[in-house]
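Enquirer: Got a structure for you, written out below as structure tokens; questions coming shortly.
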Amino acid sequence: MNVTIRKIGNSEGIIIPKEVLNRLGLKAGDTLEIAETNGAIELRPEQADLAEQLKAARIGMEKYRVALRELAK
């Protein structure tokens with residue numbers, strides 16, 4: 001299956017065919033991880049656990065920003 005890179009606002013993107021989205025259980029608004037491997041682009045559904053962990057880490061880093069800065073010295 002081929003897709004074409006299209007201009008979308010100031011960015012560029014592709015349209016993923018509905019059949020592919022249905023097979024993978026994806027819908028509009030889902031988040032994908034993108035990886036570049038050996039000259040190929042790989043899209044994977046974002047791992048919910050990882051996303052939650054990163055969100056918690058960002059909250060913790062913001063809350064303890066001053067302490068973390070002091071510890072980094």
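The values are calculated or read from the model by the stated rules, or taken from the named source; none is laboratory data. Just so it is clear, the model here is predicted, and its values are computed rather than measured. Cβ sites come from the backbone with ideal geometry, for glycine too, and all protein chains shown count toward neighbours. Heads up: the accessible areas ignore ligands, DNA and RNA and are worked out on the full protein's heavy atoms, side chains in. Shrake-Rupley method; radii C 1.70, N 1.55, O 1.52, S 1.80 Å.
Enquirer: Across the range 1-15, which residue is nearest to I41 (Cα to Cα) among those that are open to solvent by 100 Å² or more (accessible area, probe 1.4 Å) and among the aliphatic types (A, V, I, L, M)?
Expert: Going through the qualifying residues, I end up with I5.
The rows are residues; the columns are (1) under 27 Å from I14 (Cα atoms); (2) at pLDDT below 90; (3) of a type outside the set (S, T, N, Q).
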{"residue": "A35", "(1), (2), (3)": "yes, no, yes"}
{"residue": "N38", "(1), (2), (3)": "yes, no, no"}
{"residue": "E42", "(1), (2), (3)": "yes, no, yes"}
{"residue": "Q47", "(1), (2), (3)": "yes, yes, no"}
{"residue": "L50", "(1), (2), (3)": "yes, yes, yes"}
{"residue": "G60", "(1), (2), (3)": "no, no, yes"}
{"residue": "L68", "(1), (2), (3)": "no, no, yes"}
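Enquirer: Follow-up question, since we're still on this one. If I ask for residues that are surrounded by 11 or more Cβ atoms within 10 Å (Cβ to Cβ) and more than 13 Å from the chain's Cα centre (by Cα), which ones from the range 16-53 would you list?
Expert: Hits for the range 16-53 are I16, P17, V20, L21, L24, L26, Q53.
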